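Remarks on the structure that follows.
Computed from the coordinates by the stated procedures, all read-outs in this text should not be read as laboratory data. The structure presented is a predicted model; accordingly, all values stated were derived computationally and were not measured. Here the Cβ positions follow ideal geometry from the backbone for every residue, glycine too, while neighbour counts run over all protein chains shown.
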Amino acid sequence: MIDPLSNFEWSSLHGRYDRLCRRFGSRVTFPDSFVPRPTSDRELYYFLVERLAVGRTHFEIGVEWYEAMLYWKLYSQPAAVANVYKPICENESLRCVTGRKLSELSRRLPADLPRDQGALLQLIKSFTREAVHGMASFDAFPVRTTFLHFVYPEVVPIFDKQVLRAVGVFEKNANHSAQYLLEYVVFAWELANKYSHHFGLFGRETATRLIDMALWVSRGSGGANS
């Protein structure tokens with residue numbers, strides 16, 4: 001994997017990232033508990049991190065939080081919005097089932113997760129047990145890692161097509177490969193350590209998240225989370 005960040009202008013990260021997130025819909029319907037309503041990608045990201053951190057000791061992850069997380073991850077992909085996000089908003093039966101499965105998943109999440117790619121892969125693969133809507137497929141690594149990133153923001157990088165392309169991986173369906181996941185996770189941790197001296201500019205993102213953002217920006221993607 002290649003490092004595209006050797007000459008990255010870290011001071012411009014937020015501005016460049018925000019410009020690539022124009023598809024974010026501030027008019028999307030969020031639950032009433034989302035006050036004030038997020039009006040940008042980063043506002044929703046901060047809200048999700050902070051909301052989950054409040055219950056970090058027991059990880060009570062509710063369906064409202066999960067619904068908003070799905071929107072954040074998928075809004076740049078119209079097909080995914082239609083097939084994954086909208087059903088959980090509109091189907092009350094699906095919402096109830098998802099809420100129950102999220103509760104079951106929450107109860108078995110470890111309090112802490114080490115920077116160990118084997119432990120992370122084992123946890124990701126175990127999600128098949130609950131088959132939560134949006135994460136039910138055994139190779140749904142992009143959404144599963146997004147979910148775990150919010151639970152363990154210092155540890156878990158988001159693994160998807162855009163970050164893989166940023167580090168030179170263009171193989172079809174690489175974002176569903178356990179081998180590429182293992183390689184990328186270690187590489188992302190190495191990048192976080194390598195560029196940590198730049199991160200004093202930022203106060204609300206972890207090193208892991210800053211690497212995610214910089215890689216998406218380096219790709220020049222029209223949708224930051226695809």
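Mean-square fluctuations from a GNM of the chain, with a 10 angstrom spring cutoff on Cα atoms, peak among HIS133, HIS197, HIS176 at HIS197.
For the chain, what relative contact order do you get, as a whole percent, if you take Cα pairs closer than 8 Å and at least 6 residues apart?
Numbers: 271 pairs, mean separation 62.4, N = 226.
Here the relative contact order equals 28 percent.
From least to most packed, judged by other beta carbons within 10 angstrom and beginning with the fewest, MET1, MET135 follow the order MET1, MET135.
I need THR98, THR39 ordered by Cβ neighbour count within 10 Å, fewest first. Walk me through the numbers on the way to the answer.
Working: THR98 24, THR39 12.
Least crowded to most crowded, the residues run THR39, THR98.
Between PHE138 and any residue 5 or more places off or on another chain, the built amide H atoms are never under 5 Å apart. As a proxy for reagent exposure, SER11, SER93, SER106 were ordered by neighbouring Cβ count within 10 angstrom, fewest first; the result is SER93, SER11, SER106.
In the elastic network of the chain, a GNM with C-alpha springs shorter than 10 Å, the most mobile of VAL35, VAL163, VAL151 is VAL35. Among LEU191, LEU201, LEU94, determine the one that fluctuates most according to a GNM of the chain built with springs between C-alpha atoms less than 10 Å apart. Checking each option, the largest mean-square fluctuation is seen for LEU201.
Derived scalar couplings between HN and Hα for region 152-158 equal 10, x, 7, 10, 8, x, 7 Hz in order, rounded to whole Hz, by the Karplus curve 6.51 cos²θ - 1.76 cosθ + 1.60 (θ = phi - 60°), x for Gly and Pro.
For the chain, state the average projected area of the convex hull of the C-alpha atoms over all orientations, rounded to one decimal in nm².
On the way: hull surface 46.0 nm².
For the chain, the mean projected area of the Cα convex hull comes to 11.5 nm².
Looking at the chain, identify the longest residue range that excludes and avoids all trypsin sites (Lys or Arg not before Pro) in DSSP loops having at most 13 other Cβ atoms within 10 Å. Let's see the in-between values first.
Values: sites that count: ARG22, ARG27, ARG56, LYS172, ARG204.
The reported range is 57-171.
Comparing PRO114, GLN77, VAL97 along the charge dipole axis of region 64-114, the residue lying farthest to the positive side is PRO114, per the Cβ-charge model. Using only Cα atoms and rounding to the nearest 10 degrees, what angle (0 to 90) does helix 207-219 make with the longest principal axis of the chain? Orientation of helix 207-219: about 70 degrees from the principal axis.
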